[in-house]
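Encoded as structure tokens, the structure appears first; notes follow it.
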Amino acid sequence: MPLARRRVAAWGWPLIALRLTAMLALLAASLALYYLFAIFTAHNPVPRLFLRGVGAIAGLRIRTSGPRPARRTFFLANHVTWLDILAIAGRTGSAFVAHDGLAQIGPLRWLCELNDTVFVARHERRSVAAQIEKVRIALADTGALTIFPEGTCSDGTGTLPFKSSLLSAIEGDSDIPVQPVWLDYGAETRKVAWVGEEPGLDNALGILARWRPVDLTIHFLPPLPREDRADRKRMAAAARMAIEAARAG
């Protein structure tokens, strides 16, 4: 059965053009500031501000709930769409663990690396140890790091099973808070979710063509207690249960 493609109405294209122009202008200004700040500090604030700005241009309207995250935190979040990255980075300054498929797209890889993205090959079991070491280094360098343990986007109405392999990087390290995050798009979830075989460009254009804002609540749930951090599988299960409980409550 052929995949239904999103269609952009005629009146959506001027808004897409306006938003893309604004994003390019923001990118040009941000790059100049990024390299200026790089002279003075290793913890460059510009990627966080840039991603937050892109989210605002895309129509993302964010509110947060729950305990304020510590600067050095390991976030485990559900994954609905590309807006998730803009939202979490803009609010926390977090770097991300991303699938290495993104690394094959030159300009996108370059932009991701400016925000200290860690690229991993989730299906390459022989390199798991090396990937875990990358995660440990990223945590030490950036402070905050986000993983989407589902390994892909879901439709936002539930969470897929959490993969636990990369959580080995923080096994036995009780100094780093592990904080579940529930990204809640409310009634708009199905309209913005990037699921199935939908092309990424279709999803992006569909969101950029919206005249209504995209409301998102980032629920920072309580960090996992020590007993739920005994091993990586328990951490993954506990984080997923926390998100599901928040969704149900």
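Just to be sure, is Ser127 among the polar types (S, T, N, Q) and at pLDDT 75 or above? Don't jump to the end; show me each part of the working.
Working: among the polar types (S, T, N, Q): yes; at pLDDT 75 or above: no.
In short, no.
Go through segment 6-48 and count every residue that is over 23 Å from Asp84 (Cβ atoms) and among the aliphatic types (A, V, I, L, M). Spell out how you get there, then give the answer.
Of all residues in segment 6-48, those over 23 Å from Asp84 (Cβ atoms) come to 7, 9-11, 13-14, 17-18, 21, 25, 28-29, 31-33, 35-42.
Add one more test, that the residue is among the aliphatic types (A, V, I, L, M), and what stays is 9-10, 17-18, 25, 28-29, 31-33, 36, 38-39, 42.
The total comes to 14.
If you go through segment 27-50 one residue at a time, how many are farther than 30 Å from Arg212 by Cα and part of a loop (DSSP other than H, G, I, E, B)?
Taking segment 27-50 as the starting set, the residues that turn out to be farther than 30 Å from Arg212 by Cα are 32-44.
Still in the list and also part of a loop (DSSP other than H, G, I, E, B): 38-44.
Of the residues in that region, 7 qualify.
Please go through segment 51-90 and give me each residue that is open to solvent by 40 Å² or more (accessible area, probe 1.4 Å) and either under 14 Å from Cys112 (Cα atoms) or part of a helix (DSSP H, G or I) (or both), ordered by number.
The answer is Arg52, Ala56, Ile57, Trp82, Ile85.
For Arg6, only one of the following conditions fails: (1) in a loop (DSSP other than H, G, I, E, B); (2) over 24 Å from the mean Cα position of the chain (by Cα). What is its number?
Of (1) in a loop (DSSP other than H, G, I, E, B); (2) over 24 Å from the mean Cα position of the chain (by Cα), only one is false for Arg6: (2).
Is there any pair linking a residue in segment 15-26 that is on the phi < 0 side of the Ramachandran plot and part of a helix (DSSP H, G or I) to one that is polar (S, T, N, Q) and surrounded by 16 or more Cβ atoms within 10 Å (Cβ to Cβ), with Cβ under 9 Å and at least six apart or on different chains, and which?
Final answer for the pair search is none.
Quick one: which strands (runs of 3 or more DSSP E) lie wholly within segment 140-249 and hold at least 2 residues that are touching a residue at least 12 places away in the same chain (Cβ under 8 Å), touching a strand residue (DSSP E or B) at 6+ places or on another chain (Cβ under 9 Å) and more than 30 Å from Ala130 (Cβ to Cβ)?
Numbers: elements: 145-147, 178-184, 214-220.
Once the strands (runs of 3 or more DSSP E) in segment 140-249 are filtered for at least 2 residues that are touching a residue at least 12 places away in the same chain (Cβ under 8 Å), touching a strand residue (DSSP E or B) at 6+ places or on another chain (Cβ under 9 Å) and more than 30 Å from Ala130 (Cβ to Cβ), what remains is 178-184, 214-220.
The values are calculated or read from the model by the stated rules, or taken from the named source; none is laboratory data. Small disclaimer: the values here were computed from a predicted structure and weren't measured. Positions of Cβ are generated from backbone atoms using ideal geometry, with glycine treated the same way; all protein chains shown enter the neighbour counts. Protein only, heavy atoms only, side chains kept; ligands, DNA and RNA dropped before computing areas. Shrake-Rupley method; radii C 1.70, N 1.55, O 1.52, S 1.80 Å.
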